[in-house]
Amino acid sequence: MRRIVILISGRGSNMEAIIRAAKNEKWPAQIVAVISNRADASGLDYAAAQGISAIVVPHKDYPTREAFDAALQERIDAFSPDVVVLAGFMRVLTTPFVAHYAGRMLNIHPSLLPSFTGLATHRQALAAGVKVHGATVHFVTADLDHGPVVVQAVVPVLADDSEATLAARVLEQEHVIYPRAVRAFVEGRLSLVDGAVHLIPDQVEPSLQAPAQ
Ligand code: GRF
């Protein structure tokens, strides 16, 4: 069984989608811990209710980013994870932390990278007047919101969209592509080789590399 540690900061709907898919689809993997940098992250309750270790490592308890990342790394590594999944984890990570998990840390960003990095991606998309928007699962590198792309989902931007309606349309697709990507990793079908993504599509779901329908 592969071991998955998920990091969250808030609601945790992507975390929930991954936990559900792992159980329902009987992945050869176990979510061994969910760790949040905030005690009020509502996703912790869901994880705990599923019998998963739900842990808080408050970033405010540490004087520097480096000290927090070192403490976080220690807590994560105590669970010997094969993969670390960032699911709405709202922290900029230090280079040593990222290097430590090179090739085994995934993130989801709510835009079609490399467009609209950072925060308020849906507002950015509306302001730019783009006709399509979406979400990206990528391997984490030291470059914030960059890193080799694993899968993207595309959604239309509609004339009457608000930030909220667009965000909801994107989030629905996040819940499709993120579990698929993590599943591919734990099934040994997804890896990073010399900075390039290697992905063997699922026999049943060959659409992994295509925009979600
Ligand atoms: C998602 O939109 C994710 O792409 C972004 O933050 C949001 C987290 O939502 N990184 P949730 O906590 O998974 O519900």
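Quick notes on this one:
- Residue check, Asp61 more than 16 Å from the ligand (Cβ to nearest atom) and closer than 24 Å to Val137 by Cβ: no
- For region 92-117, the set of residues classified as away from the ligand (no atom under 11 Å from the Cβ), assigned to a loop (DSSP other than H, G, I, E, B) and within 28 Å of Asp77 (Cα to Cα) consists of Val92, Leu93, Thr94, Tyr101, Ala102, Gly103, Arg104, listed by residue number.
- Scanning region 177-196 for residues that are in contact with a strand residue (DSSP E or B) (Cβ under 7 Å, 6 or more places away or on another chain) and surrounded by fewer than 18 Cβ atoms within 10 Å (Cβ to Cβ) turns up Arg189, Ser191.
- Whenever a residue of region 5-17 is within 8 Å of the ligand (Cβ to nearest atom), its partners that are of a type in the set (Asp, Glu) and in a helix (DSSP H, G or I), lying with C-beta atoms within less than 6 angstrom and at least six residues away or across chains, give the pairs Asn14/Glu174.
- Among the residues making up region 130-156, those that are touching a residue at least 24 places away in the same chain (Cβ under 8 Å), part of a loop (DSSP other than H, G, I, E, B) and either of a type outside the set (A, V, I, L, M) or within 16 Å of the ligand (Cβ to nearest atom) (or both) are Lys131, Val140, Thr141, Leu144, Asp145, His146, Gly147, Pro148.
- Some residue of region 43-51 being in a loop (DSSP other than H, G, I, E, B) and within 15 Å of the ligand (Cβ to nearest atom): no
- Residue list for region 76-91, filter: more than 16 Å from the ligand (Cβ to nearest atom), within 16 Å of the chain's Cα centre (by Cα) and either part of a loop (DSSP other than H, G, I, E, B) or closer than 23 Å to Ile177 by Cβ (or both): Pro81, Asp82, Val83
- Conditions (1) part of a helix (DSSP H, G or I); (2) in contact (Cβ under 8 Å) with a residue 24 or more places away in the chain; (3) of a type in the set (Gly, Ala, Ser); number of the one not met by Ala71: (2)
- Among the residues of region 18-40, not one is within 16 Å of the ligand (Cβ to nearest atom), in a loop (DSSP other than H, G, I, E, B) and either under 13 Å from the mean Cα position of the chain (by Cα) or within 17 Å of Val83 (Cβ to Cβ) (or both).
- So Ala125, is it within 17 Å of the chain's Cα centre (by Cα), part of a helix (DSSP H, G or I) and modelled with pLDDT of 95 or more: no
The values are calculated or read from the model by the stated rules, or taken from the named source; none is laboratory data. Predicted model only: the values in this text are computed from it and were never measured. Note: ideal-geometry Cβ built from the backbone for every residue, glycine included; neighbour counts use all protein chains shown.
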